[in-house]
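Where a number appears in this text, it was derived from the coordinates with a stated rule and is not lab data. The structure displayed is predicted, hence computed values, not measured ones. Cβ placement follows ideal geometry from the backbone for every residue including glycine, while neighbour counts extend to all protein chains displayed.
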């Protein structure tokens, strides 16, 4: 078992190296096509052309693009992703401090999405068995037409404005300082035993995570439904029926386990969708994550920061594929003997 | 997003020629989804084209005496502004109608562009196989290791803002959806007897691809096209919501969302109208695409009947 997993991880890591290099290059070249001068905002109005040239030289923007890329790459390998133009801070720590918030939001969103879509997928399957699928199809199609960022606005309107029960801005209640052990607000505040602050963190997380989940759930529902329909014709289902098991038990205890595999694959492939959704949700809810940082960087043409965040997202996506591969090997008994 | 859900379902096995077109059309006619989706899209298209005649006001005209007027049926509403006005006294209904123009332009052109790019590469890769296929497959994998939103943001930074840049960004991000799904279909079709027969008869590669393989993947292309239109509408709305898409004097649903968000406390309708516009139009695209897929895929049809 362990050998299989380490073989998967090793192979994935080796494949990841050229991918990361090429993607960084693509991003670098695209960003250097920029039509406006990213440094213009940094200079005071009284700056002379000589000042501008000096600043360009200081930040390394005067060299040819291939050379700039090699310099960036060499520094990146040493853990230095350059200096953010707008924040005047090193990019790497800036991003790393924002990363836990994004992961917290994404994982909470994924969890809520599963809580919605597993019963939802089973319901869609049951309705299909009873030939009542038109209503279910329409409901899923409607859900699929509402992206996370619209859900964010609707949820804010519903639970923040019209019936103001939940907070919709920031990550924790006012005056709460995060202890900064793991960076995950929901974990840290529990670790230090501050339950009132923990509740504020949880309530701040609820609406953004729900917006993310509602945007992602229809995708999972669709895959689960079609996997369950496929599983229904398998001999083991017939065998379970002959043994006298109830339909509910067959679905929940037997078919769902088998439907889990294609669902996990789909979630892995679509994780980019989840990250992209999180980016907009973070922006709308003022959630201090990487996505929010990205929007600010894009608005301010902050090239080093954009390049760094692009790298972070690539690494995250690659990590997801590794996790999915490992999960697949663990869950699928047919792959265990390799 | 829906594209992936489709890869797991069986590829449509359409007839090699258009000989079956009439029965295909009859199948389409039996699909309520095609009617509802197509009806929505047609209505939005008509509103967009006829905007100057349909809209009661100029979308940019500010009436400072009528700021945040509620919709006409609400107390304090004004029949001159059926869906009320926004914070600058602009007619929400007129802005929604004009917003459909940008949304549909982006949807149609971007979906067409990504379909052409993605399908061409899929056709080349699936038909020739070998190095060509592996090369294209690698680029697709590379593209897919970025969250699409992040990639389009990066592209917009490099390209600059504007409707044409948004369209280009969508094409450069979303061609992979077409490429992956259609390539799989081309791979299956290429091995069919009638394609082999055409090759044995000495047809050139181009003729075989366009006359024998292409017709078999057209239904799938139409489905993906329709769904891609919905995706492009959401991407455009997102980007103009962030403020990266179009200059302020162009009316878009995304801008209306951003305006409405700041007046959410006092005037929910300013935000709810563009939200409803986006949801209904995207729903139309998804229903139309799904309907075509079910109608033209015999295996799915058996299931749903």
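List of remarks:
- Rounded, prolate or oblate (a/c below 1.5 giving rounded, otherwise prolate when a/b exceeds b/c) for chain A by Cα gyration tensor: prolate
- Extension reserve of the residue B:262-residue B:280 stretch, reckoned as 0.36 nm per residue once the Cα distance is removed: 4.2 nm
- The value obtained for region A:239-338, namely the Cα convex hull volume divided by the number of residues, is 119 Å³ per residue.
- For region A:53-101: Kirkwood Rh in Å [reciprocal of mean 1/r, alpha carbons]: 11.9 Å
- Span from the region A:12-30 Cα centroid across to the region A:297-323 one, whole angstrom: 11 Å
- Shape of region A:98-152, Cα gyration tensor, a/c cut at 1.5: oblate
- Theoretical ellipticity at 222 nm over chain B - DSSP helices of four or more residues, -39500 (n - 2.57) apiece, nearest 500: -23500 deg cm²/dmol
- Region B:80-112 versus region A:231-288: alpha-carbon centroid distance in Å: 38 Å
- The protein assembly as shown shape via C-alpha gyration tensor axes, a/c threshold 1.5: rounded
- Our note on the geometry: Cα centres of region B:198-227 and region B:142-163, 30 Å apart.
- The relative contact order of region A:1-157, computed from alpha carbon pairs under 8 Å that lie at least 6 residues apart in sequence, is 9 percent.
- Förster radius 22 Å - calculated FRET efficiency between residue A:158 and residue B:67, Cβ distance, rounded to 0.05: 0.35
- Normalised by residue number, the volume inside the convex hull of the Cα atoms of region B:149-305 is 144 Å³ per residue.
- FRET E, pair residue A:187, residue A:330, Förster distance 22 Å, beta-carbon r, rounded to 0.05: 0.35
- Dimensions of region A:226-298 from C-alpha coordinates, computed as largest minus smallest value along each principal axis and given longest first, are 61, 19, 13 Å.
- By the Kirkwood approach, averaging reciprocal distances over each pair of separate Cα atoms, chain B gets a hydrodynamic radius of 21.0 Å.
- Figure legend: label point modelled 7 angstrom from the Cα of residue A:177 along Cα→Cβ; residues of region A:198-223 with amide N under 17 Å from it are A:198.
- Semi-axes of the equivalent ellipsoid for region B:23-137, Cα gyration tensor, largest first, Å: 44, 20, 11
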